[in-house]
Each structure stands twice: as C-alpha cells, then as structure tokens.
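Asker: After the structure tokens below, expect a handful of questions from me.
Since every read-out is calculated from the coordinates, none of them should be taken as a lab result. In this text, all values refer to a predicted model and were calculated from it rather than measured experimentally. Virtual Cβ from ideal backbone geometry, glycine too; neighbours counted across all protein chains shown.
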Amino acid sequence: MPANKLLGRVPLVKERRILLIPQYAMIEQVRQLSTNDPRVVSALMFGSFAIGEGDQFSDIEFALFFTDESFPMIDWEEWVSKIAPVELFFADDFGHFTAIFGNMIRGEFHFEPASRMSVVESWQGYGWFPSAESAILLDRTGTLEELVQPMIGRPPRRDSPDTVRGLNANFINMMLFGANVMERGEYARAWTLLATAHSSLLKLVRLVENSTEHWPTPSKSLEWDLTNTAYQRYRRCTADIDPDGLFQAYRETWKWGNELMSVLSKRHGVSLPSALLHSISERFG
C-alpha cells in the first residue's frame with residue numbers, strides 16, 4: 001500500500017485550493033507589481049507553484065530582474081512589502097533574500113540586474129517547468145522565455161553513470177566522515193552528518209524506484225513518492241542523538257546504501273571501490 005494511503009492524505013481539488021490558499025493572491029500581486037514597475041524587466045516564478053504542486057504550506061519563490069541603472073538604488077524590503085505585510089526580511093545563507101510575511105507564508109527572492117538574466121541558464125539540468133506560462137510572470141523583452149525554453153517539459157533525466165558515480169562518492173565520503181566523529185564521541189555532529197549522507201541515500205533510492213520528480217530536495221514528499229517498503233526502511237535509517245540508536249541508524253544506512261549502489265552501479269557499468277567499502281563495513285560491524 002502506498003505511503004499516502006497509510007497517512008490518509010486527501011489532496012484538495014484545484015478550484016478549492018485557489019479559493020482557500022493565500023499564496024495565489026500573493027503570486028498575482030507579484031505579477032501586478034512587476035508589470036506596473038517599469039524598473040522590472042522580467043519576473044520568473046519557480047518552486048512548487050511553478051510546477052503545479054503548491055499547497056497551503058508552500059513557499060512562494062521568484063527571480064526578479066531589474067534594469068541595470070535602477071538596480072543599485074532599489075530597496076528590496078520595501079519592494080517585497082508591497083506584496084503583503086512583512087514581519088522579517090533578510091539575506092539568507094543560500095544566496096537570496098527571504099521574507100516571512102504576516103500570514104506566516106515564506107517568500108524567497110532572487111534580485112538581479114537584467115544584464116545577469118543569463119544566470120537562469122545555470123538552472124538547466126536542475127530545475128524544470130511544465131510550461132513557460134506556469135513560470136514567467138513578466139517578460140518585456142522576450143529574453144527570459146528564450147532562457148527558460150530548454151527547461152520546459154518533464155524533469156531532467158537523472159539516471160546516468162555520472163550521476164551514480166557522484167552519488168556513490170558523496171555517500172561513501174559522508175558515511176566515513178560521520179563514523180569518524182561518532183567514534184570520537186561527537187554524537188551531535190555525527191547526527192548532522194548522517195542527515196547529509198541521507199541526501200545521497202535518498203537520491204539513490206529515487207533512482208532505483210524511478211521516482212525522481214523531487215530530485216533537488218530528495219526528502220520532499222517522500223511519504224508519497226516512495227513505496228511503503230522503501231519508506232519504512234528509510235525510517236530504520238533515522239535516529240535521535242542517543243549513541244546506540246545513532247550507531248544503529250548508521251549501520252542501517254550503510255547497509256541499504258551498499259545495496260542501492262550495487263544495483264545502480266551494475267545498471268550503468270560503474271565500478272565501486274570494493275576494498276574501501278569492505279573497510280568501512282567493518283566499522284559498522
């Protein structure tokens with residue numbers, strides 16, 4: 001039975017969502033603000049709402065491109081506050097600005113001069129849009145649509161030898177890193193590193209289960225994307241900071257990761273560092 005059946009999730013119909021979710025009105029406000037502000041050359045929405053998955057818990061996310069001459073003089077917080085009352089606005093650790101609005105909705109904003117619009121090209125292979133209309137809120141010059149076109153369609157293909165090699169290497173590295181600090185007695189740090197290792201683990205799982213729609217954030221919608229068997233096994237890979245439980249979570253993660261790496265490496269003819277895997281396996285008993 002799929003995990004969503006176990007959890008009893010009932011999706012809202014689209015018409016009802018539009019009536020009840022304030023994010024739709026906020027998105028439309030961004031469209032209107034951009035259209036009415038001659039300094040805005042183009043406006044792009046990305047994230048859950050751009051691909052049709054937004055719900056009442058989702059962020060709103062935008063990349064806004066301004067004329068080069070106006071860019072240095074724009075007050076970003078003032079601009080964002082016209083969408084809805086802002087309680088907190090700051091430059092975050094991910095290279096963009098975050099707003100927390102009074103209605104408890106989060107917004108993420110990339111502000112760029114129009115001369116840097118080509119930065120959108122760097123999203124290829126990572127982001128995607130079902131259509132240009134779903135993502136583009138404003139495009140005065142037509143340049144944005146040209147940049148977005150290669151990302152329109154279905155999510156990019158993920159199951160490739162290079163992807164598998166990278167995931168294998170990152171998974172092995174983080175598991176050894178975590179094992180080392182755990183043996184030192186740094187359980188809090190080991191817990192954090194296990195979460196990082198799980199990012200690679202879940203991508204391996206998604207490749208094996210052919211469920212890569214939420215690849216950039218592999219834990220997203222995990223309860224509905226994975227089979228119940230895989231989801232329950234992942235639960236055994238998690239733990240709190242208790243040393244015994246944490247060690248068991250590392251052991252389960254390492255065992256499952258090895259199985260997944262073996263399946264995918266055989267699929268793509270990718271070699272595995274067998275001696276290294278054996279040495280790390282001995283660490284987990």
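Asker: What order do you get for Thr67, Thr163, Thr141 when you list them from fewest to most C-beta neighbours inside 10 Å? Walk me through the numbers on the way to the answer.
Answerer: Working: Thr67 15, Thr163 19, Thr141 12.
Ordered from fewest to most neighbouring Cβ atoms within 10 Å, Thr67, Thr163, Thr141 come out as Thr141, Thr67, Thr163.
Asker: Work through the residues other than Arg206 whose Cβ is under 9 Å from its Cβ and net out their charges, Lys, Arg +1 and Asp, Glu -1.
Answerer: Its environment carries a net charge of -1.
Asker: Work through the residues other than Thr143 whose Cβ is under 12 Å from its Cβ and net out their charges, Lys, Arg +1 and Asp, Glu -1.
Answerer: On the way: positive: Arg116, Arg140; negative: Glu121, Asp139, Glu145, Glu146.
Local charge sum for Thr143: -2.
Asker: For the chain, what is the mean residue ellipticity at 222 nm derived from helices alone (per DSSP H run of n ≥ 4: -39500 (n - 2.57); sum divided by total residues; nearest 500 deg cm²/dmol)? If you can, show how the numbers build up before the last one.
Answerer: Values: 12 runs with 139 residues, N = 285.
Rounded to the nearest 500, the figure is -15000 deg cm²/dmol.
Asker: Shifting gears a bit: Where nothing but the Cβ of Lys and Arg (+1) and of Asp and Glu (-1) is charged, how large is the charge dipole of the chain around its Cα centre, in debye to the nearest 20? Present the calculation step by step, with values, prior to reporting the outcome.
Answerer: Details: 28 positive and 36 negative charges, 272 e Å.
That gives a dipole near 1300 debye.
Asker: Among [x] 64, 38, 37; [y] 55, 38, 38; [z] 48, 38, 36, find the value of Cα extents along the principal axes in Å that was calculated from the structure presented, and write down its label.
Answerer: Recomputing Cα extents along the principal axes in Å here picks out [x].
Asker: Using 7 Å Cα-to-Cβ label points, what is the Asp240/Asp92 separation (nm, one decimal)?
Answerer: 2.8
Asker: Please give the FRET efficiency for Glu78 paired with Asn36, using the beta carbon to beta carbon distance and R0 = 22 Å, rounded to the nearest 0.05.
Answerer: Step by step, r from the Cβ atoms, then E = 0.90.
Asker: Kindly count the pairs of lysines across the chain whose alpha carbons are less than 25 Å apart, treating pairs on different chains or eight or more residues apart as eligible.
Answerer: Close lysine pairs found across the chain: 9.
Asker: In the neighborhood of Thr192, defined by Cβ-to-Cβ distances under 13 Å, what is the net charge if each Lys or Arg adds +1 and each Asp or Glu adds -1?
Answerer: -1
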